[in-house]
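Student: Starting off with a structure, shown below.
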Amino acid sequence: VQLQASGGGLVQAGGSLRLSCAPSGRTFRWEHMGWFRQAPGKEREFLVAITWSGSTYYADSVKGRFTISRDNAKNTVYLQMNSLKPEETAVYYCAGDRRYYRSIVSTPDEYDYWGQGTLVTVSS
């Protein structure tokens, strides 16, 4: 499965971006979807995930500023990011978890497939 992530770019501190992620060749209607990021020299960090039914779970670091949503008709998941900070410069990844019967997980290894990532650069 291929995930196409898009929407990254350069934004000033305090600005906003919306990332999109869509799988090619399949539907994710019954799967949990998550967003992660990875800055240079750091581990991949969980940000947020959404279940197939629309329940969400946010990491404390982004709670109140980031919003995940999904449009099953368009087979797309979104990440709205507001009040971005320079330290949030990273490659942002979407990922899919096929085990719809379990709760959201935040460990990267628990996700079954990944997108190629999109770079977000936040300037100060």
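Student: Taking into account only those residues within region 35-65 that are part of a strand (DSSP E or B) and among the hydroxyl-bearing types (Ser, Thr, Tyr), which is most open to solvent (accessible area, probe 1.4 Å)? I'd like the intermediate steps shown before the answer.
Tutor: Restricting attention to region 35-65, the residues satisfying the condition of being part of a strand (DSSP E or B) are 35-38, 45-50, 56-58.
Adding the requirement that they be among the hydroxyl-bearing types (Ser, Thr, Tyr) leaves 56-58.
On the way: 56: 66, 57: 121, 58: 41 Å².
Per the stated criteria, the residue is 57.
Student: Let me ask something else about it. What are the pairs, 6+ residues apart or on separate chains, where a residue within region 85-114 that is basic (Lys, Arg) has its Cβ under 9 Å from a residue that is assigned to a strand (DSSP E or B)?
Tutor: Correct list of pairs: 85/122; 98/32; 98/113; 99/32; 102/32.
Student: On to the next question. Could you please tell me which pairs satisfy a Cβ distance under 7 Å, a separation of 6+ or placement on different chains, a first residue in region 70-83 that is on the phi > 0 side of the Ramachandran plot, and a second residue that is modelled with pLDDT under 95 and surrounded by 13 or more Cβ atoms within 10 Å (Cβ to Cβ)?
Tutor: Hits for this filter: 75/22; 75/23; 75/28.
Student: Take the residues in region 89-110 that are under 14 Å from residue 3 (Cα atoms) and open to solvent by less than 30 Å² (accessible area, probe 1.4 Å), then tell me which one is nearest to the chain's Cα centre (by Cα).
Tutor: 94
Student: Considering only residues that are out of contact with any Cys (no Cβ under 9 Å at 6 or more places or on another chain) and surrounded by 15 or more Cβ atoms within 10 Å (Cβ to Cβ), which ones fall in region 111-120?
Tutor: 111, 113, 120
Student: Go through region 3-25 residue by residue and tally those that are open to solvent by less than 80 Å² (accessible area, probe 1.4 Å), part of a loop (DSSP other than H, G, I, E, B) and either in contact with a strand residue (DSSP E or B) (Cβ under 8 Å, 6 or more places away or on another chain) or at pLDDT below 95 (or both). Can you show your working first?
Tutor: Initially, region 3-25 is screened for residues open to solvent by less than 80 Å² (accessible area, probe 1.4 Å), giving 3, 5-9, 11, 13-17, 19-24.
Now drop any that are not part of a loop (DSSP other than H, G, I, E, B), which leaves 7-8, 13-16.
Narrowing further to those that are either in contact with a strand residue (DSSP E or B) (Cβ under 8 Å, 6 or more places away or on another chain) or at pLDDT below 95 (or both): 7-8, 13, 15-16.
Qualifying residue count for the region: 5.
The values are calculated or read from the model by the stated rules, or taken from the named source; none is laboratory data. None of these values were measured; they are calculated from a predicted model. Note that we place each Cβ from the backbone using ideal geometry, even for glycine, and neighbour counts take in every protein chain shown. Ligands, DNA and RNA are excluded from the accessible area calculation, which covers all protein heavy atoms including side chains. Shrake-Rupley method; radii C 1.70, N 1.55, O 1.52, S 1.80 Å.
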